[in-house]
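To start, the structure under review is shown below, and the notes come after it.
The values are calculated or read from the model by the stated rules, or taken from the named source; none is laboratory data. For clarity, every value in this text was computed on a predicted model and none was experimentally measured. Using ideal geometry, Cβ is built from the backbone for each residue, glycine included, and neighbour counts are taken over all protein chains shown. Surface areas here come from the heavy atoms of the whole protein model, side chains and all, with no ligands, DNA or RNA. Shrake-Rupley method; radii C 1.70, N 1.55, O 1.52, S 1.80 Å.
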Amino acid sequence: MKARHVLGILSLAALFAVSAPWASYAEEAAKDSGSPINMELQQLDTEAKLTNEQAFVVPDTLLAAFDEASKQYKIPRDLLIAIGWNESRLSSHEGLPSFENGYGMMNLVSNPVKQTLEKASQLSGLDVNLLKSDDKSNIMGAAALLADFQKTANPEFRESSNLSDWSNAVKMYLGSENDELNVSYLQQVLGTSKLFIPSGNKVTIKNEIVISGLAGKPVVKPIWKAAHPTNYATGNRGRGTITHLVIHVMQGTYAGSISWAQQKHDGPSAAHYYVRSSDGEITQMVKDKDIAYHARSANSYTIGIEHEGYVSDPKKWFTSTMYNQSAKLAALMCYTYGIPVDRSHIKGHSEYPNQTHTDPGSGWDWTTYMRYVKAWYAEYQK
């Protein structure tokens, strides 16, 4: 767990003794935005965006596998592709399991809480090891799952070609106990289907983010678990005094990081929000108005968002579902507090002055994340 420290050499007594303190915080934030290091980071972001602009063409063999699964289980092909895109960007990750022990591009999971891998094997008749290692089998197993979910949730639409008729089955595919997260996943998947460009025997996926408005205006419902009072300072911040967001990586697990913030320890630390990798569940530990100890000299004007995982293993931990739910939260913060939706105001921990941490690291996909934030922000504005 990361032990974050208080405001540099300023004591809390000095902090609250300054007249009109919020103005000085805003000045520091504005000055920081134009610093050489941030100009360099923005240039790197621009280069990364240009690299990622090219659309993805689904390979012929993969498209054939989606077609076959679609016909066998009478599921819209585009729905299967959209789920695979959001689960893995259509990558099998060289057969390596995800952190939750999920396999293949459709992320069939086998752990004490979720056993979609075993269920897919039972429904499809395909061997578990084949589902883990073979792309075609992995897709077929996912299709068997969706068909079974549809049979349970919407039996009258078991052969519907309308993707929205499969909404409940898609939510069951994520399978969170929190339906807000299932709805976000659904909006993500249905939005992805709008990015497909069919041309002859090919399907191209535009490298953009679209959020489906099917479920109405977005809602964020964090779980509340208060941090230990030594890990934050009571404040009265709001619109105009909260001006930036800090993106963190926990260097640990969701449950462990929450436990850490609930304890008193040397080097007080806590962020405002914690996001889980598997389904994007969010726990809030410090109220927005209060000053969490998460980014040293930037504490006073920022809200900190922690993400489960390790900077050294981004492919395993930084899931599309986590990016999506975190971005929905970030967009809400921007909408609520008037924070500009740009990389000068939404930055990584290491990008703020006087920091000792390197998160979120080079594996954090800023291009994708900011696209999610902007897409969700547009939904709040409707």
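Looking only at residues in the stretch 342-360 that are open to solvent by less than 10 Å² (accessible area, probe 1.4 Å), touching a strand residue (DSSP E or B) at 6+ places or on another chain (Cβ under 6 Å) and not acidic (Asp, Glu), the one that is nearest to residue 250 (Cα to Cα) is 360. For the stretch 363-381, the condition holds for at least one residue, the condition being that it is of a type outside the set (Gly, Ala, Ser) and not in a helix (DSSP H, G or I). Under the condition of being open to solvent by 20 Å² or more (accessible area, probe 1.4 Å), assigned to a loop (DSSP other than H, G, I, E, B) and under 18 Å from residue 349 (Cα atoms), the residues counted in the stretch 225-252 number 2. Residues in the stretch 101-120 that are under 18 Å from residue 315 (Cα atoms) and either surrounded by fewer than 18 Cβ atoms within 10 Å (Cβ to Cβ) or β-branched (Val, Ile, Thr) (or both): 101, 109.
Conditions (1) closer than 18 Å to residue 354 by Cα; (2) of a type outside the set (A, V, I, L, M); (3) touching a Phe, Trp or Tyr at 6+ places or on another chain (Cβ under 9 Å), marked per residue:
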| position | (1), (2), (3) |
| --- | --- |
| 272 | no, yes, yes |
| 275 | no, no, yes |
| 284 | no, yes, yes |
| 301 | yes, yes, yes |
| 312 | no, yes, no |
| 316 | no, yes, yes |
| 319 | no, yes, yes |
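With respect to the stated conditions, residue 203 fails to be under 15 Å from residue 86 (Cα atoms) and touching a Leu at 6+ places or on another chain (Cβ under 9 Å). Apart from one condition, residue 268 fits all of (1) at pLDDT 95 or above; (2) in a loop (DSSP other than H, G, I, E, B); the exception is (1).
Among residues of the stretch 212-223 that are closer than 14 Å to residue 190 by Cβ and modelled with pLDDT under 85, those with a Cβ under 6 angstrom from a residue that is open to solvent by less than 30 Å² (accessible area, probe 1.4 Å) and not aromatic (Phe, Trp, Tyr), sequence gap 6+ or separate chain, pair up as 214/190; 215/187.
Check 305, 339 and return the single one that is assigned to a strand (DSSP E or B), open to solvent by less than 10 Å² (accessible area, probe 1.4 Å) and closer than 17 Å to residue 243 by Cβ.
Unique residue meeting the criteria: 305.
If you check every pair at least six apart or on different chains, which have Cβ atoms under 7 Å apart with a residue in the stretch 238-250 that is closer than 21 Å to residue 343 by Cβ first and a residue that is buried (at least 24 other Cβ atoms within 10 Å of the Cβ) and polar (S, T, N, Q) second? Sorted first by the residue in the stretch 238-250, then by its partner, the pairs are 244/302; 245/302; 246/302.
Whether any residue in the stretch 182-198 is surrounded by 15 or more Cβ atoms within 10 Å (Cβ to Cβ), part of a loop (DSSP other than H, G, I, E, B) and not aliphatic (A, V, I, L, M) is what I want to check. The answer is no; no qualifying residue exists. Of all residues in the stretch 47-62, those satisfying the criterion of being modelled with pLDDT under 55 and open to solvent by 50 Å² or more (accessible area, probe 1.4 Å) are 47, 49, 50, 51, 52. Scanning the stretch 258-278 for residues that are in contact (Cβ under 8 Å) with a residue 60 or more places away in the chain and open to solvent by 10 Å² or more (accessible area, probe 1.4 Å) yields a total of 6.
Look at (1) surrounded by fewer than 13 Cβ atoms within 10 Å (Cβ to Cβ); (2) closer than 17 Å to residue 335 by Cα and you find that residue 255 fails only one, number (2). Scanning the stretch 196-223 for residues that are over 22 Å from residue 275 (Cβ atoms) and within 19 Å of the chain's Cα centre (by Cα) turns up 207, 208, 213.
Residues that are outside any helix (DSSP H, G or I) and open to solvent by 30 Å² or more (accessible area, probe 1.4 Å) within the stretch 285-302 comprise 287, 289, listed in sequence order. Selection within the stretch 63-96: residues that are at positive phi and under 26 Å from the mean Cα position of the chain (by Cα). The member of this set that is least open to solvent (accessible area, probe 1.4 Å) is 90.
Restricting attention to the stretch 345-361, the residues that are over 16 Å from the mean Cα position of the chain (by Cα) and either in a strand (DSSP E or B) or farther than 24 Å from residue 236 by Cα (or both) total 7.
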